[in-house]
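Report on the following structure.
The values are calculated or read from the model by the stated rules, or taken from the named source; none is laboratory data. Nothing here was measured: the structure is a model prediction, and the numbers come from that model. Cβ placement follows ideal geometry from the backbone for every residue including glycine, while neighbour counts extend to all protein chains displayed. For accessibility, only protein heavy atoms count, side chains too; no ligands or nucleic acids. Shrake-Rupley method; radii C 1.70, N 1.55, O 1.52, S 1.80 Å.
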Amino acid sequence: MEQNIIYLDNNATTAMHEDVIEAVHQSNMLYGNASSMHMAGRQAALAIEQSRQALASLIDEESSSIVFTSGASEANNTVFNIFKERIDLGSKRNRIVTTTIEHPSIIETVKYLRQLGYNVDECPVDSTGRVKMDVMNKLLGDDVALVSVMLGNNEIGTIQPVAEIARLAHQTGAFMHTDATQAIGKIPVSMRELGVDYLSLSAHKFYGPKGVGALVVKAKAPYAPLVHGGHQEGGKRAGTYNTASIVGMGVAASIAQRDLDMERKKLWKLREMLRVGILERISNVVVNGNQEHCLPGTLDVSFPHAEGESILLYLDMEGIMVSTGSACASGSLEPSYVLLASGVDIELAHGSIRFSFGRYNTEQDVAYVLEKLPPIIKRLREMSTR
Amino acid sequence: MEQNIIYLDNNATTAMHEDVIEAVHQSNMLYGNASSMHMAGRQAALAIEQSRQALASLIDEESSSIVFTSGASEANNTVFNIFKERIDLGSKRNRIVTTTIEHPSIIETVKYLRQLGYNVDECPVDSTGRVKMDVMNKLLGDDVALVSVMLGNNEIGTIQPVAEIARLAHQTGAFMHTDATQAIGKIPVSMRELGVDYLSLSAHKFYGPKGVGALVVKAKAPYAPLVHGGHQEGGKRAGTYNTASIVGMGVAASIAQRDLDMERKKLWKLREMLRVGILERISNVVVNGNQEHCLPGTLDVSFPHAEGESILLYLDMEGIMVSTGSACASGSLEPSYVLLASGVDIELAHGSIRFSFGRYNTEQDVAYVLEKLPPIIKRLREMSTR
Amino acid sequence: MTNFMSQWVYTPVVKDHFMNPRNTLKEDEQFDYDGIGDVGSLACGDQMQILIKVKDDRILDLRWLTYGCASAIASTSMMSEMAIGLTLEEAYHLTPAMITDALGGLPEHKFHCSVLGDKALRAAIDDYLEKQGRENPFKKHVAKVICECKSVTDVQIEDL
Ligand SMILES: Cc1ncc(COP(=O)(O)O)c(C=O)c1O
Ligand SMILES: Cc1ncc(COP(=O)(O)O)c(C=O)c1O
Ligand code: FES
Ligand code: FES
């Protein structure tokens, strides 16, 4: 039985690019420990340095700023840990400012820090998910150590004015971090232009391997390792080099840089086709997030009176893969905290579906979704309590 | 120009088994995010659970105890962080006991904790690298929160009486951790028989992929995440599942379990051939580590009057890859802290060479080393100040 | 690898009931019920309504509506099939465990979803008895269930 497979969950993760697959496969020959002095070690080390440069080039930054990690979650945790440690050591700057719609790897870190008594403020966002700049301005003061604002939101796609916030943060003497995980490969990301001190990214969001990413750290920004140990990464992150995955990330970075313009246009076109098509075919639909400052491939929609997980699973049976709310396997139906933070009604926050496009999607995919989705919503609405 | 390639640095890292390479390559099809509810996600989740079981079986433990990490460095850091947090929260058990010859991911963590004022004792070892049990006994008291002793040492191969120490630790009410990274796949490792509460391992030491490992945690042992975020691993370790590498680790675990007996005998045979051959051919040689309680594939030798890095590089030119001291890319020639801790003379601690065998080595490899090594030592000794 | 390819988190029975839910109230259907039970709230993400027709203390027919996840839909559908024909007393003692068993199991973290339909059924029976002006003879035999999805633990459900 041949089935359509339409993967519209590219914000959760992407399939590796075929060149990445090939590079990862090839680099199995580079099995030496990149810290070893012998030939096998040196070969691995060389491949890693080439990847570091490709990645640096993609984000317009020195390659020496890159610290390879196991992904963006670790990178985000590392940044917050740096400032936790500084505060522990008695720094007068003992407040952290972030937002209400960060990725769980920041939201949960904030919860943890608050439980321990640290001072963390989460700046609210408007109904489109954009940071309220007037509140942000008030939150910034000379007791702020770190400001952390994501570049593009994983759920609703809203893009934040990170460069502007970085300027304000620096004026008050704070350091600035951005979680650029969702933006890399979809919009131009220049660390220099953003003016941030720290930037997190993860390879599997731009057709690279899973389990590898980076924290990019400006030379003058404070640092403290989360994982202590060997001398890898100049003592910044211990653990035997994950050569194959780092090589894969480098190849993915080069492709992302090469194809950025094309990719961006393509994703936006497909996303708009779907948005318009849904609005034409289904009544009572709410499109979430900012429609002007938006990641090109993200479309988040609430369908009142149709529950998210049920929509997801009915779509799944048609071979269409999407996500609902935050993509966590929470088990119980929690409303999306991102939508709640944007002031979206709780019922709408329960029933949102995220369609996220990637380079392998086609116009046929959109047409297929537009054929299958309306009857599913109709059916669920009929079944629903009124 | 054909060159012999004789890789004798298997304690640093191993080449992946061909079945692992194939499994990793195949699992590129499992690109879905294992936390996603749709088909692509469920397929990935299923593959991950199968790996979890294979790994659990290898170490004779419940699969629910396994927390996947980016490797053993992260696993070791996680354990120490759990107890740091408990001490921060005011636990009366505020001392940690470990040894002087742990892996850098513990040694450096200890340094860091001490700098911050935490109470950590490093139990000394005898001249063969075995923990001094009389001292260990004195160090254990009812203020001890955690005892951490590695199973097999990466540099000299000495195996510690972990089960015995675990019993003592438990008698005083402390929790017990062992870093079993070097032991897995080389000697039988049963978490039940060892009686430890935590165990660290890393896939690339047993022909699995780099960048993936596990912390195994008994259900009743305390836990706190090092990487906060999503609900992955039951909230114990955030980050999108590294499906391909986890699948690779599972396959490596199954192979390790299947081939353990064979592997163990083979490694020991090759190691003994080399040891005897060196002693026959080269005078004034010191074999380091315990020769009775020893990882089968590890042979660490000091050659007085011949400096380690020079030996390494001369061997490298003959295509023989080994390591010197601790395999860290330290840049400057530091004497091996493991040997120093074993009371080895500083000159000998400078000039140690570690030969570490793996499944792909042959008797021909040993013969080749025995041909190339003696003239190298001779030459360096002639050049050396006396 | 190919053997992973056709897996579904839910059992074939769950899948069938989710795809083809039985006894849902159709949009234009006129269903003259004798008792109605409403539980849940949109705030907690699930909402359930059950309508029953009763004759001689037996459930003659039943309709339901839900705003809920796949597990809630499947368990309520299964429950509706099981409940029709039962005496009120038997129906009152249907347990989530019986329903999940009949479904061939639910994923562990989804057990609590089966509580909802079961609870709505009892609410409908309560409503029926109240409308009849009769004393409720069953209530005291049954442990109280709190249905706020997240506060219902698996253990509590086992206990039912
Ligand atoms: C915005 C954002 N930050 C961080 C992460 C974490 O990345 P990873 O799971 O690779 O650690 C993700 C994706 O999961 C994300 O979308
Ligand atoms: C004993 C021991 N523990 C921990 C580690 C760390 O493993 P990884 O580098 O994979 O994090 C190693 C190897 O590097 C080791 O030999
Ligand atoms: S002489 Fe080269 S490291 Fe000291
Ligand atoms: S009813 Fe299924 S998650 Fe609550």
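Annotations for the structure displayed:
- Amide proton proximity set for C:D34, modelled H, under 5 Å, gap of 5+: C:I52, C:K53, C:V54
- Per-residue shielding of A:203-215, expressed as the average number of other chain Cβ atoms within 10 Å of the residue Cβ, stands at 4.
- Shape of chain B, Cα gyration tensor, a/c cut at 1.5: oblate
- Between the amide H of A:T69 and those of A:G213, A:A214, A:L215, distances stay under 5 Å, these residues lying 5 or more places away or on another chain, with hydrogens modeled in the peptide plane.
- Applied to the range B:218-235, the Karplus parametrisation 6.51 cos²θ - 1.76 cosθ + 1.60 on θ = phi - 60° returns per-residue 3J(HN,Hα) values of 4, 3, 8, 7, x, 9, 8, x, 8, 10, 7, x, x, 8, 4, 6, x, x Hz, with x for Gly and Pro.
- For B:A145, the shell of other residues with beta-carbons less than 14 Å away shows a net charge of -1, using +1 for Lys and Arg and -1 for Asp and Glu.
- The HN-Hα couplings worked out from phi for the range C:125-138 by the Karplus form 6.51 cos²θ - 1.76 cosθ + 1.60 (θ = phi - 60°) are 5, 4, 4, 4, 5, 5, 4, 6, x, 9, 6, 8, x, 9 Hz, whole numbers, x standing for Gly and Pro.
- Take each residue of peptide A:282-288, count the partner chain Cβ atoms within 10 Å of its Cβ, and average: the result is 0.
- Where GluC sites (Glu not before Pro) fall in DSSP loop in the range C:61-141, at most 12 other Cβ within 10 Å: C:E135
- log₁₀ of I(q)/I(0) at q = 0.05, 0.08, 0.10 Å⁻¹ - the protein assembly as shown, Debye sum with one point per alpha carbon: -0.33, -0.79, -1.15
- Quarter the surface of the alpha carbon convex hull of the range B:72-217 and you get the mean projected area, 8.2 square nanometres.
- Cleavage-rule hits (trypsin sites (Lys or Arg not before Pro)) in the range B:72-161: DSSP loop, at most 15 neighbouring Cβ within 10 angstrom: B:K92, B:K132
- Accessible surface of C:M48, taken over heavy atoms with a 1.4 Å probe and every protein chain present, rounds to 0 Å².
- Carbon + sulfur, % of accessible area of the range B:111-246 - ligands and nucleic acids excluded, 1.4 Å: 48 percent
- Cβ-derived FRET efficiency at R0 25 Å, C:V13 paired with C:R58, nearest 0.05: 0.50
- Förster radius 56 Å - calculated FRET efficiency between C:D28 and B:E22 (Cβ-Cβ, nearest 0.05): 0.45
- Shape class of the range B:150-304 from the Cα gyration tensor (axes a ≥ b ≥ c, square roots of the eigenvalues): prolate, since a/c reaches 1.5 or more and a/b is larger than b/c.
- Exposed GluC sites (Glu not before Pro) absent: longest stretch of chain B, with sites in DSSP loops and at most 13 other Cβ within 10 Å deemed exposed: B:3-291
- Once the chain from A:D126 to A:D261 is taken as fully extended at 0.36 nm per residue, the excess over their C-alpha distance is 45.7 nm.
- Placing a label point 7 Å from the Cα of A:S64 along the Cα-to-Cβ line, the residues of the range A:212-226 whose backbone N sits under 11 Å from it are A:219-220.
- Rounded tilt (10° steps) of A:243-281 against the dominant C-alpha axis of chain A: 20 degrees
- Label positions at A:R192 and A:E164, each projected 7 Å from the Cα along the C-beta direction, are separated by 2.4 nm.
- Signed unit charges on C-beta, dipole axis of the protein assembly as shown, positive-most listed residue A:T181, B:V149, C:T66: B:V149
- Peptide-level mean, for A:349-359, of C-beta atoms on other protein chains within 10 Å: 1
- Other-chain or far-sequence residues with amide H under 5 Å of A:E307's (modelled H): C:G68
- Taking a point 7 Å from the Cα of B:K92 along the Cα-to-Cβ direction, the residues of the range B:122-154 with backbone N closer than 12 Å to it are B:142-144.
- Our coupling estimate for the range B:42-53, obtained by passing each phi through the Karplus curve with A = 6.51, B = -1.76, C = 1.60 and θ = phi - 60°, is 5, 4, 5, 4, 5, 4, 5, 5, 5, 5, 4, 5 Hz, Gly and Pro reported as x.
- Efficiency of FRET between B:E363 and A:I5 - r from beta-carbon atoms, R0 56 angstrom, step 0.05: 0.65
- Heavy atoms of A:V247 accessible to a 1.4 Å probe, total area in Å² rounded to 10: 20 Å²
- The angle between the Cα long axis of helix A:104-115 and the main principal axis of chain A comes to about 70°, on a 0 to 90 degree scale.
- For the range B:14-65: rounded, prolate or oblate by the Cα gyration tensor [a/c cutoff 1.5]: oblate
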